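Peer 1: I have a structure I would like to understand better, so I am pasting it below and will then ask my questions one at a time.
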Amino acid sequence: MEHNIEVIGNKFKADFGQMAFQLHFESATQMTFAQILPEGFGSSETVQTTMVEIRPNVYMIYWKEKSGTTVTHVEDFQNEIVYTNITLADNTFINLKGTLTKIKNTKMDNKQKVVALLKSLETGATEPVGYINPNKYIQHNLAVGEGLAGFGEVLKALPPNSAKANTVRAFQDGDFVFTHTEYNFFGPKIGFDIFRFEDGKIVEHWDNLTEITPPNPSGRTQIDGTTEVVDLDKTESNKKIVEGFVNDVLKDGKVEMLTTYINPNKYLQHNSGVADGLDGLGSALEYFAKNGLVMVYDKVHKVLGEGNFVLTMSEGKFGKGEDVAFYDLFRLENGQIVEHWDIIEPIPAKENWKNNNGKF
């Protein structure tokens, strides 16, 4: 009987004889490979991947490297076989067959644990649930009961084999991991999740979810766009820039400071109803004003970042004054915001909460 093999968050050795590579599947769309044979060669690169399941435990995975080389793998994790088709930048074609084995006893970092936990919603793998502290799991999704028991009740309510989880972006900031995931979880959704760790175990969880919508006026979706993390040395300065933007512009309404924070020549927008650029943002704000709608940021609760990406968690009012949670993900270049994703989720009336921990 076949069993689902956990790929995301794990490392595998692809051995082609004279050449061998370590493949670290960080998410469904990102992998880091490192050449381990021949010794001393040592090339390594993080690439964006497309992973297509052919059948259980067999995937076609392809990517393009900075050199222009394109690689297509058929990876059979069940039978530990890998086929590779490589087209070098000079159009030389290489075709190889090798073995594919999991690298055991690899200590997972917190980011890998979260990606594996989310993927287990789809695969049914039980090991990742062990990354949650069974004695302390504070839940802030107000539709879910407290602790592991509440999480388990939600899983039991899912229609069999219905769940999907494709984590497109995963970041780590100290004891916090935050992710951007495309779900099928009681219907197609996009979600931001935040997890807090203590001693290597998840002890707290927040999230914001919304239904998937068609592309926005600029053709962008709620999940596409840049995924590569760079500028790790600028994490703290980027967090301060974004916190300033949310407080000065979104909270305090200082629109004259827009171009201080946002690049006026490059602002890629993933909000479903807003077009790219400052003109798109201005049109959206004008529409709200004309129709008596509001977008009020009252308080910023969290600012988390890794390199060029920063996530803020805020509370406020939206539309006709409904209480909401705002989750905004920003990408920065050279000290200015150049890309934005967001999820706005209504906060239910307190009598409908399934835990007493609050949204924030």
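The values are calculated or read from the model by the stated rules, or taken from the named source; none is laboratory data. Everything numeric in this text was worked out from a predicted model, so none of it was measured. Please note: Cβ atoms are built from the backbone with ideal geometry, for glycine as well, and neighbour counts cover all protein chains shown. Areas reflect the complete protein model, heavy atoms only, side chains present, ligands, DNA and RNA absent. Shrake-Rupley method; radii C 1.70, N 1.55, O 1.52, S 1.80 Å.
Peer 1: Which ones in the stretch 147-167 are touching a Ser or Thr at 6+ places or on another chain (Cβ under 8 Å) and open to solvent by less than 20 Å² (accessible area, probe 1.4 Å)?
Peer 2: Hits for the stretch 147-167 are Ala165, Thr167.
Peer 1: Further question: Got a number for residues in the stretch 140-174 being touching a residue at least 40 places away in the same chain (Cβ under 8 Å) and within 19 Å of the chain's Cα centre (by Cα)?
Peer 2: Of all residues in the stretch 140-174, those touching a residue at least 40 places away in the same chain (Cβ under 8 Å) come to 140-146, 150, 163-173.
Now narrow it down to the ones that are within 19 Å of the chain's Cα centre (by Cα): 140-141, 163-173.
Number satisfying all stated conditions: 13.
Peer 1: Select from the stretch 124-171 the residues that are touching a helix residue (DSSP H, G or I) at 6+ places or on another chain (Cβ under 7 Å) and assigned to a loop (DSSP other than H, G, I, E, B) and list them in ascending order.
Peer 2: The answer is Pro134, Tyr137, Val144, Gly145, Ala163.
Peer 1: Condition first: polar (S, T, N, Q) and either open to solvent by less than 40 Å² (accessible area, probe 1.4 Å) or within 27 Å of Glu182 (Cα to Cα) (or both). Now tell me which residues in the stretch 234-280 satisfy that. It would help to see each step written out before you state the result.
Peer 2: From the stretch 234-280, those polar (S, T, N, Q) are 235, 237-238, 247, 259-260, 263, 265, 269, 271-272; that's our starting set.
Matches in the stretch 234-280: Thr235, Asn238, Asn263, Gln269, Asn271, Ser272.
Peer 1: In addition: Taking strands (runs of 3 or more DSSP E) that do not extend beyond the stretch 32-123, which have at least 2 residues that are over 27 Å from Phe171 (Cβ atoms) and open to solvent by less than 30 Å² (accessible area, probe 1.4 Å)? So that I can check it myself, show each step before the final result.
Peer 2: Values: elements: 44-55, 58-64, 70-76, 81-87, 93-102.
Because the criterion is at least 2 residues that are over 27 Å from Phe171 (Cβ atoms) and open to solvent by less than 30 Å² (accessible area, probe 1.4 Å), the strands (runs of 3 or more DSSP E) in the stretch 32-123 that meet it are 81-87, 93-102.
Peer 1: When the stretch 77-108 is examined, which residues are found to be of a type in the set (Phe, Trp, Tyr) and farther than 30 Å from Gly130 by Cβ?
Peer 2: Answer for the stretch 77-108, where residues must be of a type in the set (Phe, Trp, Tyr) and farther than 30 Å from Gly130 by Cβ: Tyr83, Phe93.
Peer 1: Here is a further query. If the requirement is being over 24 Å from Lys113 (Cβ atoms) and of a type in the set (S, T, N, Q), which of these qualifies: Thr70, Thr32, Thr49?
Peer 2: Selected residue: Thr70, the only one of Thr70, Thr32, Thr49 that is over 24 Å from Lys113 (Cβ atoms) and of a type in the set (S, T, N, Q).
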